Structure formats: structure tokens, C-alpha cells
1. Between a residue in the range 113-142 that is closer than 25 Å to VAL41 by Cβ and any residue that is open to solvent by 40 Å² or more (accessible area, probe 1.4 Å) and not polar (S, T, N, Q), which pairs come within a Cβ distance under 6 Å, given they are 6 or more apart or on different chains?
2. Restricting attention to the range 53-68, does a residue exist that is at pLDDT 95 or above, surrounded by fewer than 16 Cβ atoms within 10 Å (Cβ to Cβ), part of a helix (DSSP H, G or I) and not aromatic (Phe, Trp, Tyr)?
3. Determine whether the range 73-80 contains at least one residue that is assigned to a helix (DSSP H, G or I), among the charged types (D, E, K, R), open to solvent by 70 Å² or more (accessible area, probe 1.4 Å) and modelled with pLDDT of 90 or more.
4. Does the range 81-107 hold any residues that are open to solvent by less than 30 Å² (accessible area, probe 1.4 Å), of a type in the set (A, V, I, L, M, F, W, C) and not in a loop (DSSP other than H, G, I, E, B), and which are they?
5. Tell me whether the range 121-131 contains one or more residues that are open to solvent by 70 Å² or more (accessible area, probe 1.4 Å) and over 28 Å from LEU66 (Cα atoms).
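The values are calculated or read from the model by the stated rules, or taken from the named source; none is laboratory data. As the structure is a prediction and not an experimental result, all values here were calculated from the model. Heads up, the Cβs are rebuilt from the backbone with ideal geometry, glycines too, and the neighbour counts pull from every protein chain shown. All accessible areas refer to the heavy atoms of the entire protein, side chains included, with ligands and DNA or RNA removed. Shrake-Rupley method; radii C 1.70, N 1.55, O 1.52, S 1.80 Å.
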Amino acid sequence: MNHPPSASIYNVPNALTTIRFALAIAVMVLIPMARYTSALVVFSIAASTDWMDGYWARKYGQVTKLGRIFDPFVDKIIICGSFIALVGVAESPVISWMATLVVGRELLVTSLRGMIEGSGKDFSASWLGKWKMVLQCAAVVAVLIHLQYEAPATWLVV
């Protein structure tokens, strides 16, 4: 019985996901530093390139087991990390119960994905899940814009 060759993990989609991971970490560093415009730009790049890795992987046959795990993991780091970082900002409208709901939902979905895919079934993202991600990203963008214009510029204080 012939099996198709497994795709190498060294490919464009996994490289894009790795870059998004680094960008997510940068956002979580920038928010507590009150660098809201920089955080907004970096977050927007990370969030807007999310679709590229999956599109590329499917189009060019570069879907890997690593990518199927790493991509949703990075999505969760971007969203959960941003919400958690925003809770730590005094002027932020994001409060702890909001971040807890976001993180809790992501943990639940990740657990379900592991169980379902572990039994050999597919648990790819649905359109509802993709729209949820768009709305969460829009919320982070809105809060960062709010903070940029409403929060005192504490980084100017020497």
C-alpha cells in the first residue's frame, strides 16, 4: 500500500505561523509598555495574515500535522494573550471576566479538537469559528485604538 509522502515541516505556511507567533509575543510586550499604536500595527499584521498560512498550505499541498496543531495554537496565543495583556492596563475596558471567558472558550475548543481529531475525525475551523476570530480581533483593535486616544501617555513621564 502506497502512502503519499508526508509534507516537510519546513515550508512557507509553518514559517508564516512562526512569524505570527513572534508577532503575538511582541504585542504582549508592547501593550504593558503603553505602546498602543505599535501594538495595534503588530496585532493587525499578525491577525490579517492568519488566513495566508492555511490558504497556502491547502493550495500547494503543504498541510502538515505540525501546522494543524501550531496554527490554531498561535491563533489562541494572539487572542488570549492580547486580552490578558489588556486586563493589566488600568484604562482598558477589558476586565478579568471578559478575558476569562475568551480563554475558557479557547481551552474548551482546544480540548474538544484534541479529542475529536484523536479519534481520527476532522475538527477543522468552521465559518462560525472564523467569524468569532474576526470579531475577537476587531474587539482587540477597538480597545487598542481607544487606549491610544484615551489613555494618558505614561511613557512620556520621566
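1. Taking only residues 6 or more apart or on different chains, not a single pair turns up.
2. no
3. no
4. Passing the criteria: PHE83, ALA85, LEU86, ALA99, VAL102.
5. no
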